[in-house]
Amino acid sequence: GAAGSTGRGEANLYGLSSFRIVEQLRRGMRPKDAGMEALHRIKAHTVEKRLLNGRGLPNFNVAFYVLAADGAHAGVSLYASTYAACDANGPVTLKTEALFEGRPFD
């Protein structure tokens, strides 16, 4: 499988999130579940006050685009976002599955 990301790169790199997602795919986890697990890990490791909003959540976004070897895919993010994919009808824009509601600075 494969995993890419956009957003605060430091948050992805700190936990080797893309690597971890691909390892979870290798172990049989579905793309959405593997991506959400990485997002939970980012949330747990974001402890610096300057990186937290008024709700105590990350004040930045990270989105992952996850593709399994069988073609299953998912887009997940800390906060609502979109991602592009192609199906039999051509390119489509899809909503990510967001871990949190609202926006990062709410």
For 1-8, 58-65, 39-46, ranked highest to lowest by mean beta-carbon neighbours within 10 Å, the order is 58-65, 1-8, 39-46
How many angstrom separate the Cα center of region 62-102 from the Cα center of region 1-48?
14
Sequence order, region 54-70: Karplus ³J(HN,Hα) from phi using 6.51 cos²θ - 1.76 cosθ + 1.60, θ = phi - 60°, Hz rounded, Gly and Pro as x, gives x, 8, x, 9, x, 9, 9, 10, 9, 10, 10, 10, 10, 10, 8, 4, 7
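Are there GluC sites (Glu not before Pro) in region 1-81 that DSSP puts in a loop and that have at most 12 other Cβ atoms within 10 Å, and which ones? It would help to have the intermediate numbers written out before the result.
Working: sites: 10, 23, 37, 48; in loops: 48.
Sites meeting the loop and neighbour criteria: 48.
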How much accessible area per residue does the chain have, counting only protein heavy atoms and a probe of 1.4 Å, in square angstrom?
59
Inter-label distance for residue 88 and residue 52, nm, one decimal - labels placed 7 Å from Cα along Cα-to-Cβ
4.9
Tell me, what HN-Hα J-couplings in whole Hz come from the Karplus equation 6.51 cos²θ - 1.76 cosθ + 1.60 at θ = phi - 60° for each residue of region 31-42, using x for Gly and Pro?
x, 4, 5, 5, x, 5, 4, 5, 5, 4, 5, 4
Could you tell me the extents of region 39-106's C-alpha atoms along the three principal axes, largest first, rounded to whole Å?
45, 22, 14
Run lengths n ≥ 4 of DSSP H only: what is the helix-derived mean residue ellipticity at 222 nm for the chain, with -39500 (n - 2.57) per run over all residues, to the nearest 500?
-8500 deg cm²/dmol
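Would you work out the charge dipole size for the chain about its Cα centre, treating the Cβ of every Lys and Arg as +1 and the Cβ of every Asp and Glu as -1, and quote it to the nearest 20 debye? Can you show the working numbers first?
On the way: 13 positive and 10 negative charges, 58 e Å.
It works out to roughly 280 debye.
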Reachable lysines, given that their alpha-carbon falls under 25 Å from the alpha-carbon of residue 95 and they are not under 8 places away in the same chain
32, 43
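The values are calculated or read from the model by the stated rules, or taken from the named source; none is laboratory data. This one's a predicted model, so the numbers in the text were calculated from it and none came from an experiment. Note that each Cβ is placed from the backbone with ideal geometry, even for glycine, and that neighbours are counted across all protein chains shown. Accessible surface is based on the protein model in full, side chains and every heavy atom, while ligands, DNA and RNA are left aside. Shrake-Rupley method; radii C 1.70, N 1.55, O 1.52, S 1.80 Å.
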